[in-house]
Amino acid sequence: MQASVSQLSHHLYVHHGHVNTGILRDGDRALLIDPGGTTLRTTLSDLGITDVGQILFTHHHRDSTVGFPMSDNVRVGIPAKEAAWFSEVGTFWNDPQYRWHLYNYRPHNLMLANAIPVTDTYAEGTQFEWGPASLTVLETPGHTDGSVTYLIDVDGERFAFSGDLIYDEGQLWELYSLQKGQQTSDYHGFLGARDELTESLEKIREASPTALVPTHGVVMDTPDRAIDALLRRLAHCYDRYVAISALRHYFPKLFAEFEGRAGHMPIREGKPPPEFLRHFGTTWIIISENGEAFVMDCGSPNVIKQIQQLQADGEMSEVTQFWVTHYHDDHVDAIPEFQATFPCETITDSVVARVITNPSGFRLPCISPSVTRVDRITGDGDSWQWNEFTMTAYHFPGQTYYHGGLLVEGRGVRMFFSGDSFTMAGIDDYCSGNRNLLGKDVGYEKCLRRIQQLKPTHIFNCHVDPAFDFTDAEIQCMLDTLAEREKCYTALFPWDHANYGMDEHWVRCYPYEQEVARGETAQFRVEITNHSYEPRTATAQPILPSAWNMELAAAEATIPARSDGYIDFSVPIPHCEWEGFVTPTSIPHCEWEGFVTPTSRIVIPVDITYDERPLGQFREVIFVLTGG
């Protein structure tokens, strides 16, 4: 374990808590960079520091900006481009664009629950003196759009406090913050911020610092070597992503530089679908010999009109069954209207059902507020007969973990409806928020083994008109690439498995959001996926608003290897009104996707420790207060 404090020079120290905090000392005064956690006070006391005169933050993420109490007279400096995410956080938590239909993730929801008073904002090239040091600000986007690096010239040396651009030599703290769109939305931008990250690291390199000090990570005293190792590893990891990416089918220009590269799977030709299928938007329809219809997904009212037109034209009679492939908004937005129009049985996988029947319980990419009625929940391998077709349902954690697959056998074909999980170019894993897990019998490895076992004659994607299939060699190529990814991405992170750095939702709160009245008790659980091959212990503690004058004790759970565990909490909600935290108590009523919000949305951060590693306020839960 690292010592609690390192001395970099006569006047400069680093406190190692759940984040690294820079301590620039001038006698008994100090300037702090990214202060966080309760143990920092002990370090300051041990150093004889009695006055914190200035605080600087490299970026706005909550896990590196909270936990250290600030006095009223301290100066607080932040990146100019992130000012709103320090002083006006209510504009994030109360804006529906940051809650539903999430295709863009900047700013990220690792947002402050309470605003921080700001006195100074810094842009590229800002310089100022403090005590014995000169400080220079570099704008270094990548981890966030507005991240900055503070160069500190002191005691004849230069030190770079670089935020979360780099963790250690060749390593990142996590990957999902690099999700960013280039020619597309952030949703399609897997590792899309890598170019910005590269430019920022090169800018720091040009400044010739003696050492790099990351917010998360270890102090690097050979910056050039650390940066070179990270850029090489990122390039290799991205290549292994592109090699089998389904996105090559949709946006070939994005990957022009990779065309013809060795080790990349060629893109398949499509094949015509059977004549008894219809395709509108993201909806596939099977029409049986007796004219009945089996419909899959409904993301738009236009699909309902198309089905009614088929009925009017005599191509089909009634809709008798409805299957939901996954929870994304372009597949479920119009389901309530569909169910009101076509009173048929709705069927879906058990994992999908959990999301679409209670979407407010989740915060996920492309999440829709539409609530779906589910009549039959299927388990893995459940079969039933629909007219001349045998239907077999599977949990199919491809494009997203919350996803089902459906094998349809009949009329001389074996059709597999894979939702959005494949195209002719490969696998659909271009959004890290979708939980595309790596490893044996999870994620796409599990999906490809299923395709290998079932040997469908036709595979269908909800967004693609032609059917397609994969040869045995192509399936093996994808499996081999996934196995290689597991190794190279694990090396990219300071964890014992890649999924901790790639699966944004390995710690999550359920329900994410719930309505609760003043005076009632709210119940929620912290769910944790242990991606390790050994048991792990997790500790969680909700951080209640100070105005409530109460504290919940931390709770602990031991989670078996490669499985899920949870910690339950009960939170009593005070009767009284309060001010000065999270969001005001009297927010005007506003329309949220067709319904009116109650008056208060209270963000409760949850502090997490995992395998004895403190993670800070790593996740959050939202209480929507009603009544009173």
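Would you pick out the residues in the stretch 422-438 that are in contact with a helix residue (DSSP H, G or I) (Cβ under 6 Å, 6 or more places away or on another chain) and assigned to a loop (DSSP other than H, G, I, E, B)?
Those that are in contact with a helix residue (DSSP H, G or I) (Cβ under 6 Å, 6 or more places away or on another chain) and assigned to a loop (DSSP other than H, G, I, E, B): M424, A425, Y430, C431, N436, L437, L438.
Mind listing whichever residues of the stretch 207-255 are more than 22 Å from the chain's Cα centre (by Cα), within 20 Å of M478 (Cα to Cα) and among the small types (G, A, S)?
A243
Kindly indicate whether N461 is within 18 Å of the chain's Cα centre (by Cα), more than 20 Å from V355 (Cα to Cα) and of a type outside the set (D, E).
Against the criterion (within 18 Å of the chain's Cα centre (by Cα), more than 20 Å from V355 (Cα to Cα) and of a type outside the set (D, E)), N461 does not qualify.
Can we say N114 is modelled with pLDDT under 95 and touching a Phe, Trp or Tyr at 6+ places or on another chain (Cβ under 7 Å)? Walk me through how you get there before you give the answer.
Working: modelled with pLDDT under 95: yes; touching a Phe, Trp or Tyr at 6+ places or on another chain (Cβ under 7 Å): yes.
Yes.
Residue check, T400 against (1) assigned to a loop (DSSP other than H, G, I, E, B); (2) surrounded by fewer than 19 Cβ atoms within 10 Å (Cβ to Cβ); (3) β-branched (V, I, T), all met but one. Which one?
Of (1) assigned to a loop (DSSP other than H, G, I, E, B); (2) surrounded by fewer than 19 Cβ atoms within 10 Å (Cβ to Cβ); (3) β-branched (V, I, T), only one is false for T400: (2).
Within the stretch 1-40, restricting attention to residues that are loosely packed, with under 15 Cβ neighbours inside 10 Å and modelled with pLDDT under 95, which residue is farthest from E157 (Cα to Cα)? Step through it out loud before you land on a result.
Here is the first cut: in the stretch 1-40, the residues loosely packed, with under 15 Cβ neighbours inside 10 Å are 1-4, 7, 10, 27-28, 38.
Imposing the further condition that a residue be modelled with pLDDT under 95 reduces the set to 1-4, 38.
Values: M1: 27, Q2: 23, A3: 22, S4: 22, T38: 29 Å.
Applying the filter and picking the extreme gives T38.
Let's see how each residue does on (1) at pLDDT below 95; (2) surrounded by 14 or more Cβ atoms within 10 Å (Cβ to Cβ):
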site	(1), (2)
D472	no, no
T481	no, yes
E486	no, yes
F493	no, yes
V507	no, yes
E513	no, yes
A522	no, yes
M550	yes, no
A561	no, no
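Answer with yes or no whether Y444 is under 18 Å from Y187 (Cα atoms) and not in a strand (DSSP E or B).
In short, no.
I'd like to know if the stretch 547-561 contains one or more residues that are touching a residue at least 40 places away in the same chain (Cβ under 8 Å) and closer than 24 Å to I356 by Cα.
Within the stretch 547-561, not a single residue is touching a residue at least 40 places away in the same chain (Cβ under 8 Å) and closer than 24 Å to I356 by Cα.
Quick check, is I166 outside any loop (DSSP other than H, G, I, E, B), within 18 Å of H59 (Cβ to Cβ), among the β-branched types (V, I, T) and assigned by TED's automatic domain parsing to the domain that holds A80?
No; evaluated as a whole, the condition is false for this residue.
Of the residues in the stretch 256-307, how many are farther than 30 Å from H236 by Cβ and either outside any helix (DSSP H, G or I) or of a type outside the set (V, I, T) (or both)? So that I can check it myself, show each step before the final result.
Keep residues of the stretch 256-307 that are farther than 30 Å from H236 by Cβ, which gives 270-307.
Remaining after also requiring either outside any helix (DSSP H, G or I) or of a type outside the set (V, I, T) (or both): 270-302, 305-306.
Qualifying residue count for the region: 35.
Could you list, in sequence order, the residues of the stretch 308-352 that are touching a helix residue (DSSP H, G or I) at 6+ places or on another chain (Cβ under 8 Å), outside any strand (DSSP E or B), surrounded by 16 or more Cβ atoms within 10 Å (Cβ to Cβ) and free of Cβ contacts under 8 Å to residues at least 60 places away in the same chain?
Selection gives M316, V332, A334, I335, F338, T341, F342.
If the requirement is being closer than 22 Å to P365 by Cα and in the same structural domain as A160 (by TED's automatic domain parsing), which of these qualifies: T282, T210, T198, T184? Give the steps one after another, and end with the answer.
Numbers: T282 fails: in the same structural domain as A160 (by TED's automatic domain parsing); T210 fails: closer than 22 Å to P365 by Cα; T198 fails: closer than 22 Å to P365 by Cα.
Going through T282, T210, T198, T184 in turn, just one is closer than 22 Å to P365 by Cα and in the same structural domain as A160 (by TED's automatic domain parsing): T184.
Being closer than 22 Å to P365 by Cβ and in contact with a strand residue (DSSP E or B) (Cβ under 6 Å, 6 or more places away or on another chain) narrows it down to one residue among P107, P96, P79, P141; which is it?
The match here is P96.
Given (1) among the acidic types (D, E); (2) touching a strand residue (DSSP E or B) at 6+ places or on another chain (Cβ under 6 Å); (3) touching a residue at least 24 places away in the same chain (Cβ under 8 Å), where does D51 come up short, assuming only one miss?
Evaluating D51 over (1) among the acidic types (D, E); (2) touching a strand residue (DSSP E or B) at 6+ places or on another chain (Cβ under 6 Å); (3) touching a residue at least 24 places away in the same chain (Cβ under 8 Å) leaves (3) as the failure.
If I go through the stretch 353-366 residue by residue, how many of them are assigned to a helix (DSSP H, G or I) and over 18 Å from the mean Cα position of the chain (by Cα)?
The number of residues fulfilling the criteria is 3.
Could you grab me the full set of residues in the stretch 119-140 that are surrounded by 22 or more Cβ atoms within 10 Å (Cβ to Cβ) and either closer than 25 Å to L492 by Cβ or at pLDDT below 95 (or both)?
Within the stretch 119-140, just T140 meets the criteria.
Has the stretch 272-289 got any residue that is over 28 Å from G398 (Cβ atoms), of a type in the set (D, E, K, R) and at pLDDT 95 or above?
The answer is yes, given that some residue of the stretch 272-289 is over 28 Å from G398 (Cβ atoms), of a type in the set (D, E, K, R) and at pLDDT 95 or above.
Taking the stretch 480-523, which residues are in a helix (DSSP H, G or I) and either hydroxyl-bearing (S, T, Y) or within 26 Å of Y98 (Cβ to Cβ) (or both)?
T481, Y489, T490, N499, Y500, G501, M502
The values are calculated or read from the model by the stated rules, or taken from the named source; none is laboratory data. Predicted, not measured: the structure shown is a model, and the values here were computed from it. Note that each Cβ is placed from the backbone with ideal geometry, even for glycine, and that neighbours are counted across all protein chains shown.
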